[in-house]
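Step one of this worksheet: look at the structure below.
Taken together, the values in this text are just the output of simple stated rules run on the coordinates, not laboratory data. The structure presented is a predicted model; accordingly, all values stated were derived computationally and were not measured. Cβ placement follows ideal geometry from the backbone for every residue including glycine, while neighbour counts extend to all protein chains displayed.
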Amino acid sequence: MPMRLLHLIVVAALVSAAVDVYKIKFESTMQAERVDKLRAEIGRERDTIAALRAQWAQLENPRRIQALAQRHLALKPIDPTQIDSLDRLPERPPALPAPPADALAVIIEETEFPTGSTGVTAPGETR
């Protein structure tokens, strides 16, 4: 009888170990699939970034910008008489004086208002 009990314990341990190994294998397979999905997503994102960079390079091409400027802007060449030296600029106007303080606001801030005949103070007011 003790030998049979020992055999049952060993069989139960083997079944338990087999279940654990299967569980570990299943989890590793799921993780490998997740890694493959992430790698595919990273590849798609890299392709999208490359396409956007190519489109940006096309948009910022100086020849394209020059053609658009000539087509849509009415620019004229600079006339040499438009350029002048700095010593011919007019003097800077004098600084304006500071505006006077609002007299009415000063009076309102300095005035104390009564709280009423109830003797109750207003919120935020001290006695």
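Looking only at the range 40-76, count every residue that is outside any helix (DSSP H, G or I) and surrounded by fewer than 10 Cβ atoms within 10 Å (Cβ to Cβ) and tell me the total.
Summing the residues that are outside any helix (DSSP H, G or I) and surrounded by fewer than 10 Cβ atoms within 10 Å (Cβ to Cβ) in the range 40-76 gives 5.
Tell me whether the range 78-101 contains one or more residues that are in a helix (DSSP H, G or I) and surrounded by 10 or more Cβ atoms within 10 Å (Cβ to Cβ).
no
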